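Here's the structure, in structure tokens; my notes come after.
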Amino acid sequence: SVNDIEVSNKKVLVRVDFNVPLDAEQKINNDKRIKSALPTIKYLIDHHASVILLSHLGRPKGKVVPELSLEPVAKHLSKLLGENVIMMNDCIGKRVNEDIGRMKPGEIVLLENTRFHPEEKKNDPEFAKQLASLGDIFINDAFGTAHRAHASNVGLANILPSAIGFLVEKELKYLKQQLGDPQKPFTAIFGGVKVSGKIELIKEVMKKADNILIGGAMMFTFYKALGYSVGKSLVEEDKLELAKNLLELSKKKGVDIVLPVDTVIAKEPQKNAEFKTVSVEKIPNGWMGLDIGEKTIKKFKRIINESKTVVWNGPMGMFEIDNFAHGTYSVAQTLADFDGITIIGGGDSAAAVEKIGLENRMTHISTGGGASLEMLAGKELPGIAVIPERNG
């Protein structure tokens, strides 16, 4: 960890995740990722380091895209820290080298979007060397990109003495330690559209979970696999056999996969569409399921409240439309009121929790959607695997 190494009077390169949403006027819509990096940045300033921040923003595809400049982030970070954050015109090059050469302890610079260079995503060794030449030490505090092997995380850690920042340390504590040996009963809640993206995750969680609650559009793939008529609900036709196998595997392992008993249906996934709640066996042709129903919410609530640890990934319905958001928000509220350990696995579930202002009532909300899924599925994250283990 960053507090295991001597940083005083050193130039410290910190990979942060400042991939924040910007509106048409380049204003930041959600600064959670920036705020999450503050403990590491403040620690380094307090310990007399020169801080050089690196991040990507959006998908510029290896070209300079002015709308994806990190300049608005530098201004916002300056306000949050009450310190001047100097914005660089690039992340490598003669001018950057000269400016960083003049840095004093306690100063902070933000390099320009690393993905303006195609070499970043290729983990190009020469590009990594140019980045590494700017600093003495590398700290990875970008959990959201830890599942990618890029030059600004894996490349740098292969060259410089490296450690993880406080944000990554916190993510590992909850996603690896707490869920590696969870307090039981342990319940996992999965939603979202596709079963395919969560197969490895469901299999891994089955090793430890007592209950797996399924919501979202993925429930209809399970129902069709069981022979139910699902109207025009979203179904992954090529995953029916797999869904059946997961249900059989759960029985062998003694894990209860709990499917919804009712669903909110409409003819179209639209704001003003007529909608009603029906039993899952009674979805008419021409209608589609877009949320879990009230009976399911009660059932899920009871199981959650009988648990000690709950992990949640994926919404229960199309929560972007108010008429189909009740299931997702009810699960969020149940978890907020629950007194056990609640871990939200990033992505849409985190967005839903934040949208209704319940983020401070969860034990941990992951900052990395893809990274948290891969870690929960038992995979090694390249950006973390490359950092040396603490001795003793």
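The values are calculated or read from the model by the stated rules, or taken from the named source; none is laboratory data. What you see is a predicted model, and the numbers here were worked out from it, not measured in a lab. Here the Cβ positions follow ideal geometry from the backbone for every residue, glycine too, while neighbour counts run over all protein chains shown. Please note that ligands, DNA and RNA were not included when accessible areas were found on the heavy atoms of the full protein model with its side chains. Shrake-Rupley method; radii C 1.70, N 1.55, O 1.52, S 1.80 Å.
Counting only trypsin sites (Lys or Arg not before Pro) that are in a DSSP loop and have at most 12 other C-beta atoms within 10 Å, tell me the longest site-free stretch of the chain. Could the numbers behind the result be given before it?
Values: sites that count: LYS27, LYS61, LYS63, ARG102, LYS207, LYS271, ARG390.
Counting at most 12 other Cβ atoms within 10 Å as exposed, the longest clean stretch of the chain is 272-389.
With the other protein chains left in place, how much accessible area per residue, in square angstrom, belongs to the chain at a 1.4 angstrom probe?
Values: 17500 Å² over 392 residues.
The answer is 45 Å² per residue.
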Item to complete: Would you check the accessible area of MET316, probe 1.4 Å, heavy atoms only, in square angstrom rounded to 10?
Response: 0 Å²
Item to complete: Starting from the Cα of ASP136, step 7 Å along the direction of its Cβ; do the same at LYS207; then give the gap between the two resulting points in nm.
Response: 4.1 nm
Response to the item:
A 1.4 Å probe over the protein heavy atoms gives segment 133-281 a carbon and sulfur accessible-area percentage of 48 percent
Discussion item. Suppose every Lys and Arg Cβ carries +1 and every Asp and Glu Cβ carries -1, with no other charges. What dipole size does the chain come out with about its Cα centre, to the nearest 20 debye?
Written reply: 600 debye
Item to complete: Could you tell me which of ALA325, THR221, LEU234 has its Cα farthest along the dipole of segment 219-337 towards the positive end, charges placed at Cβ (Lys, Arg +1; Asp, Glu -1), taken about the Cα centre?
Response: THR221
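Evaluate the relative contact order of the chain (contact order divided by residue number), counting alpha-carbon pairs under 8 angstrom at least 6 apart; express in whole percent.
Working: 816 pairs, mean separation 60.7, N = 392.
In percent, rounded to a whole number, it is 15.
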Worksheet, complete the sentence: Residue separation between ASN272 and LYS42 times 0.36 nm, minus their alpha-carbon distance, gives in nm 78.0 nm
Practice prompt. Would you work out which of PHE143, ALA163, GLY192 lies farthest towards the positive end of the dipole of segment 72-193? Charges go on Cβ: Lys and Arg +1, Asp and Glu -1.
Written response: GLY192
Worksheet entry | Calculated semi-axes √(5λ) of the Cα gyration tensor in Å (choose from (i) 32, 29, 19; (ii) 42, 22, 19; (iii) 45, 21, 18), label | (ii)
Worksheet item: Using a simple spin-label model with points 7 Å from Cα along the Cα→Cβ vector, what separation in nm is obtained for LYS129 and LYS75?
Response: 3.8 nm
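Relative contact order (percent) for segment 72-115, with alpha-carbon contacts under 8 angstrom and 6 or more residues of separation? List each step's numbers first, then the result.
Values: 37 pairs, mean separation 19.3, N = 44.
Result for segment 72-115 is 44 percent.
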Fill in: FRET E, pair ASP337, ARG102, Förster distance 41 Å, beta-carbon r, rounded to 0.05
0.15
Worksheet item: Restricting the count to DSSP beta bridges whose residues both fall in segment 149-291, what percent are antiparallel, rounded to a multiple of 5?
Response: 55 percent
Worksheet, complete the sentence: For the ASP256, LYS32 Cβ pair and Förster radius 30 Å, calculated FRET efficiency rounded to 0.05 is 0.35
Worksheet entry | Among the listed pairs LYS32/LYS122; LYS32/LYS355; LYS27/LYS61; LYS208/LYS251, those beyond 20 Å (Cα-Cα) | LYS32/LYS122; LYS27/LYS61
Fill in: Those aspartates and glutamates that a straight Cα-Cα span of less than 16 Å connects to LYS253, excepting residues fewer than 8 apart in one chain
GLU200, GLU204, ASP210
